[in-house]
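Here's the structure, in structure tokens; my notes come after.
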Amino acid sequence: MKANKINGTEWMGHLVMKINLCPRVGIIRMRVLLLRYMAMIAATCCLLLCVACGMSNAEPAGSPPRIALITPAGTGELAEAIRLGAEAAAKEAGAELITVEAFPSEGLTYAPSNPDFTAGQGKVKQEHLQNGTYLLSEREQAQVDAVSLAMEQGASALLIDPLSEKALSDIIQKAQTKDANGVIIPVILLNDEFPVKGITSVISIDNVEAGRQAGQAMAVLMGGRGRVALLGPDPVNPVLINREQGVEESLAQYPDIHVEAQSVCSTRDACWQAAKQLLDEQQVDGLIALQEPASLGAADELNRRTSENNGNKVKIVGFGSEQQQLEQLQEGRIQHLIVQNGFSAGYLGVNQAVARLNNQQVQARVTLETKLVSTDNMFWMDNQKLLFPFVQ
């Protein structure tokens, strides 16, 4: 009985202890649940904060694609036509077009015929030097910097006329660095093309065929006989190499036309000096200027000779449709210009970018037509739209 009493007492003690412990266990459990709840709230807040931070650099859902057109600072007629075409296509596609200008340096304004600009274009900033050799010129670096700015502004596609293979390589490298959404930015080239991997599409003329057009036009002007010189070739520029090839292929069909040594130049002033030296030293009947500054430099020299009554029977065939070229064409100093449709380049460039962003099929290359324009046809309705797309 004593044992039973003892056991009963112990049982009662356990019961009392258990009763006393129950509230403590409940409190502990409540605290654990409370801590877990607070941890979940904290984790949820962190997750929402991270999402919010990530979305600050990404396009909001349902927003139109933002396409960047990289242009040189200051624009010529071709660049303006490209911009108009890009704007029209963006409007049709419901895309947003942003234009980012590439400024080579403070106070230096680009223009195709601005000798002050071309005199400084080879300058290289000290920070771009590496092991004593420069990586990019000021213009090239400005173009790469403009791409960086466009990407900071949320561009989802890039349209650009690259200045060089090196500049394009750097641009492609930047574009292939995935954006905030983990997407590689497509790059559409306008006018120029270089052997660089990673290009989404190229919108350009067939420069070999354009060279053939120029050679054929010169052959007709000369009656299939005479001496021709090429002004403004560039052995490292694929566009000019192709134009030169086309000219030589065309003129090879005329055994009585002799092609003189080439005069390499890339600025209006340098090409004027090259044309002056060429005409002083040799009898030349025709000049085929492979780029815009070359045609203007050649026209400058022929204007000088005419003003000094030195006589002038030299014919000029050039490439481009800048305003000063058209003025020289109207005045009879330039006989023919090979003209491309800048409006179409911009328009089709945006279309290709939108297709790529919508995961639709994209053409690796879109070839634009060229036209041979002279005073006989420059005021035709179709050519007016080609030469002056900004005039309604």
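The values are calculated or read from the model by the stated rules, or taken from the named source; none is laboratory data. Being a predicted model, the structure only gives us computed values, none of them experimental. Positions of Cβ are backbone-derived with ideal geometry, glycine not excepted, and every protein chain shown enters the neighbour counts. With ligands, DNA and RNA removed, areas are computed over all heavy atoms of the protein, side chains included. Shrake-Rupley method; radii C 1.70, N 1.55, O 1.52, S 1.80 Å.
Being part of a helix (DSSP H, G or I) and surrounded by fewer than 17 Cβ atoms within 10 Å (Cβ to Cβ) is the filter here, so list the residues in segment 148-164 that pass it.
Residues satisfying the conditions are Ser148, Leu149, Glu152.
Taking segment 181-192 on its own, how many of its residues are touching a helix residue (DSSP H, G or I) at 6+ places or on another chain (Cβ under 6 Å) and surrounded by fewer than 21 Cβ atoms within 10 Å (Cβ to Cβ)?
1
Could you check segment 193-229 and list, in sequence order, the residues that are in a helix (DSSP H, G or I) and open to solvent by 30 Å² or more (accessible area, probe 1.4 Å)?
Passing the criteria: Glu209, Arg212, Gln213, Gln216, Val220, Leu221.
Could you please find all residues in segment 230-245 being part of a helix (DSSP H, G or I) and surrounded by fewer than 21 Cβ atoms within 10 Å (Cβ to Cβ)?
Pro238, Val239, Ile241, Asn242, Gln245 - these are the residues of segment 230-245 that are part of a helix (DSSP H, G or I) and surrounded by fewer than 21 Cβ atoms within 10 Å (Cβ to Cβ).
Just to verify a result, which residue in segment 87-110, among those that are at pLDDT below 85 and in a loop (DSSP other than H, G, I, E, B), is most open to solvent (accessible area, probe 1.4 Å)?
Of everything passing the filter in segment 87-110, Glu106 is most open to solvent (accessible area, probe 1.4 Å).
If you scan segment 372-390, which residues turn out to be of a type in the set (Asp, Glu) and either modelled with pLDDT under 80 or closer than 14 Å to Asn341 by Cβ (or both)?
Once the filter is applied, which keeps residues that are of a type in the set (Asp, Glu) and either modelled with pLDDT under 80 or closer than 14 Å to Asn341 by Cβ (or both), segment 372-390 yields only Asp382.
Here's the yes/no breakdown for (1) touching a residue at least 24 places away in the same chain (Cβ under 8 Å); (2) open to solvent by 60 Å² or more (accessible area, probe 1.4 Å):
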site	(1), (2)
Trp272	yes, yes
Lys276	yes, yes
Gln283	yes, yes
Ile288	yes, no
Pro293	yes, no
Glu301	yes, no
Arg304	yes, no
Glu308	no, yes
